[in-house]
Amino acid sequence: MRLVGAALGGLFASSAFAADAPARKPGLWEVKTTIEGQGRAVTVQQCIDAATDQMLQSSAGPFSAPLCPTREVTKSDGGMTIDTHCTIGGKAADAHAVVSGSFDSAYTMTVTAEGGVLPPVKMTMEAKWLGACAAGQEPGDVVMANGVKVNIPQLQKRALGADPLQPAK
């Protein structure tokens, strides 16, 4: 349950993050996520361009404006702070995210979330730009810690019932 809470907390915080953060530099990013009290970190690599960067950072699923209508963003020279207020399962839930660093080279985002159906959670994401995407990678590819590669736009098309192997109409 704590892991689910962490994932949900990160998702509704990332919704606010995507709407207010500058775009990350296109290319290959390594993102390491640590959940306090959950043992080891999970590291993935994301190959992005402008469109897939927005898609990856706003994949907040059900934690969109109807559930999370209140968001306060405070920007500073060193980063930003985002406070998101949601109603999940009929109960109030809050997330506080602190983002620092550069979206051209490396940044850190720490999210604390609690309330609603979520257990309290603290999650830290550390991201660094590695360079151009590797040969054979395309924007939207995410390489999981176990080496499995998935393409997020293709997954979304499948979820919507479209054939990802056919050109968009």
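Quick notes
- Any hit, region 34-47, residues being on the phi > 0 side of the Ramachandran plot, of a type outside the set (Phe, Trp, Tyr) and either at pLDDT 85 or above or in a helix (DSSP H, G or I) (or both): yes
- Among the candidates Glu114, Glu72, residue that is of a type in the set (Asp, Glu) and crowded, with 16+ Cβ neighbours inside 10 Å: Glu114
- So Val73, is it touching a helix residue (DSSP H, G or I) at 6+ places or on another chain (Cβ under 8 Å), at pLDDT 90 or above and assigned to a strand (DSSP E or B): no
- Any chance Ser58 is modelled with pLDDT under 80, touching a helix residue (DSSP H, G or I) at 6+ places or on another chain (Cβ under 6 Å), hydroxyl-bearing (Ser, Thr, Tyr) and within 30 Å of Gln154 (Cβ to Cβ): yes
- Scan of region 119-161 for residues that are part of a helix (DSSP H, G or I) and over 27 Å from Ser102 (Cβ atoms), ordered by number: Gln154, Leu155, Gln156, Lys157, Arg158, Ala159
- Only one of the listed residues (Thr70, Thr81, Thr108) is free of Cβ contacts under 8 Å to residues at least 24 places away in the same chain, β-branched (Val, Ile, Thr) and closer than 17 Å to Arg24 by Cβ. That residue is Thr108.
The values are calculated or read from the model by the stated rules, or taken from the named source; none is laboratory data. Keep in mind it's a predicted model, so treat the numbers as computed, not measured. Positions of Cβ are generated from backbone atoms using ideal geometry, with glycine treated the same way; all protein chains shown enter the neighbour counts.
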